[in-house]
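Here the structure is laid out as structure tokens; the discussion comes afterwards.
The values are calculated or read from the model by the stated rules, or taken from the named source; none is laboratory data. Just so we're clear, the structure is a prediction, and the values are computed from it rather than from any experiment. Cβ sites come from the backbone with ideal geometry, for glycine too, and all protein chains shown count toward neighbours.
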Amino acid sequence: MPSEKELSEMWKVSRITPKKSLEKLVSEGLVVRHAGRGSFVAEITDDIFSGDINSNKQNKPNLIGFVIPNLDSNYGTDLLNSIEEEAENNNSHIVVKRSLGDPEKEKEAIKKLIEIGVTGIIIFPAQAEQYNEEILKLVINNFPIVLVDRYLKGVPAVSISSDNFMAAKNATEYLFRLGHDNICLLSSPHYDTTALEERYEGFIEAHVKNNITIDKSKLMSDISFPLIDYYTKGDIEKDIRNIRKHLEENPQLTALFATEYRIALLAENAVAQMGLKIPNDISILCFDYTRETVEKDKFTYIKQDQELMGKMAVQSVFDMLKGQDQKKETVKLPGEIVEGKSTRRINQ
């Protein structure tokens, strides 16, 4: 198997993550480690399959598939950890497939999981203009499937996500209370299959409810922001340049509301290039945060309950496996505003 260092570089995570993962595989007898030689997949012997067939079948752990666009320090890792922990509590194993945000890779991941015999699948859908037909097939065939983080309109599947509408509305009103009434929403294009549309609607609703006029031409919804695997240096520079141009054309803006953490990082760079200071000259608020301790309070952010989301997703899969009717419900979990160093009250 690859070394801890190679796995760390491959998945763009700290060394501690592959270290703990390998240790877990060793404890389960799936991997053996030889000093000076490395880690090796354990040899499966006939002994594993000896004994009463029916007894083994009953005790055989379930395999649950988990398809996710990517794992990084600001979103996804806590979700996976929660799913793994809850699955382990139910004598099950998680098989993870990354789609890299590519609908075609997502389709292939689902097919592969079905081929290896998973008994249920949890899917963090990729952003796309068209629905993934493999997901629709699973739903039509009543295969145990749960969507997390977002839902697909018109698709009767169980989904567990944040209440993005209320979270965005509350965050916008938080900025209002700080004296900001010229706020720019920074977002990538939102399709009706993503949470971004609800964040946009929550932002608009906050203005309507508080009788604050909003000029939609001052909003930015064309940030490239794909997953890090496809995000080139040129894309980064282009997005920063566009945000800077937007700020220069709209000097009355006093706050930026980024729908994603990495978009907040782009805004931070644009503001710095203009010679402005955060939060003295402009405030920034965003969804999610980094797990890096030294920068954890960099931004005021909306914390999504990834732990509960993951736990409920696994529980829903097992409820379906037991034949319980889930009524194809959409569960929405509240978000929490956590104050950081990027926002301040201004004089009105």
- [ ] Exactly one condition in (1) touching a residue at least 40 places away in the same chain (Cβ under 8 Å); (2) among the hydrophobic types (A, V, I, L, M, F, W, C); (3) more than 22 Å from THR330 (Cα to Cα) is not met by ALA167; state its number.
- [x] (3)
Task: Qualifying positions in the range 127-142 - touching a Lys or Arg at 6+ places or on another chain (Cβ under 8 Å) and either surrounded by fewer than 16 Cβ atoms within 10 Å (Cβ to Cβ) or at pLDDT below 85 (or both) - done: ASN132, GLU133
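Can you tell me which residues in the range 227-283 are among the aliphatic types (A, V, I, L, M) and in a loop (DSSP other than H, G, I, E, B)?
Of all residues in the range 227-283, those among the aliphatic types (A, V, I, L, M) come to 227-228, 236, 240, 243, 247, 253, 255-256, 258, 263-267, 270-272, 274, 276, 278, 282.
Answer for the range 227-283, where residues must be among the aliphatic types (A, V, I, L, M) and in a loop (DSSP other than H, G, I, E, B): LEU227, LEU253, MET274, LEU276, ILE278, ILE282.
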Open item on the list: Looking at the range 174-212 only, could you name the residues that are out of contact with any helix residue (DSSP H, G or I) (no Cβ under 8 Å at 6 or more places or on another chain) and among the acidic types (Asp, Glu)?
Closed with: ASP181, ASP192, GLU197
Open item on the list: Consider the range 44-75. How many of its residues are of a type outside the set (A, V, I, L, M, F, W, C) and at pLDDT 70 or above?
Closed with: 8
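Say whether the condition of being under 30 Å from LYS107 (Cβ atoms) and polar (S, T, N, Q) is met by at least one residue in the range 210-221. Working first, answer last.
To start, the set of residues in the range 210-221 that are under 30 Å from LYS107 (Cβ atoms) comprises 221.
Now drop any that are not polar (S, T, N, Q), which leaves 221.
Yes, the range 210-221 contains at least one residue that is under 30 Å from LYS107 (Cβ atoms) and polar (S, T, N, Q).
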TODO: Look through the range 284-295, keep the residues that are in a loop (DSSP other than H, G, I, E, B) and on the phi < 0 side of the Ramachandran plot, and return whichever of them is farthest from the chain's Cα centre (by Cα).
DONE: GLU292
